[in-house]
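Read the structure below first, then the notes.
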Amino acid sequence: MNLIESILNEIGPARSSKIAELLQINTGISPENSRQRLSRAGGKILKFPIPLLPNRETFIYLQQQRNDER
């Protein structure tokens, strides 16, 4: 399990900005690097296909959280 998956397991589905912020805090990487990691995330990490949020921000969740309500 990678760091993004563990963050999503802990906090649940979230905006990409929130996950990027937690990546920066947990690893000390730059904001650009954290956004790039999110853009390249795949596998069990999914992005909501319809743009709902402003500024091209995405809603990210795990495959197992697809039908969860939190």
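Once the other residues with Cβ under 12 Å from the Cβ of ILE19 are scored (Lys, Arg +1; Asp, Glu -1), what is the net sum?
So the surrounding residues net to +1.
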Task: CD proxy at 222 nm, helix term only [per DSSP H run n ≥ 4: -39500 (n - 2.57); per residue of the chain; nearest 500] - done: -13000 deg cm²/dmol
Task: Residue-level accessible surface for ILE11, protein heavy atoms, 1.4 Å, Å² - done: 70 Å²
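Expressed as a whole percentage, what fraction of the accessible surface of the chain belongs to carbon and sulfur atoms when a 1.4 Å probe is rolled over the protein heavy atoms?
Result for the chain: 48 percent of the exposed heavy-atom area is carbon or sulfur.
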Open item on the list: So if I place +1 on the C-beta of Lys and Arg and -1 on the C-beta of Asp and Glu, and nothing else carries charge, what would the dipole magnitude of segment 30-70 be about its Cα centre? I want it in debye, nearest 20.
Closed with: 160 debye
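Taking a probe of 1.4 Å, how large is the accessible area per residue of the chain, in Å²?
71 Å²
What order do SER34, SER39, SER16, SER6 take when sorted by accessible area (1.4 Å probe), most exposed first?
Details: SER34 0, SER39 65, SER16 20, SER6 45 Å².
Largest accessible area first, the list is SER39, SER6, SER16, SER34.
Under a Cβ-Cβ cut-off of 11 Å, what is the net charge of the residues other than LYS44 that fall near it, where Lys and Arg count +1 and Asp and Glu count -1? The partial results should precede the final answer.
Details: positive: ARG66; negative: GLU5.
Net of charged neighbours comes to 0.
The values are calculated or read from the model by the stated rules, or taken from the named source; none is laboratory data. If you're wondering where the values come from, they're calculated on a predicted model, not measured in any experiment. Virtual Cβ from ideal backbone geometry, glycine too; neighbours counted across all protein chains shown. When the accessible area is computed, the model is the full protein with side chains, heavy atoms only, and any ligands, DNA or RNA have been set aside. Shrake-Rupley method; radii C 1.70, N 1.55, O 1.52, S 1.80 Å.
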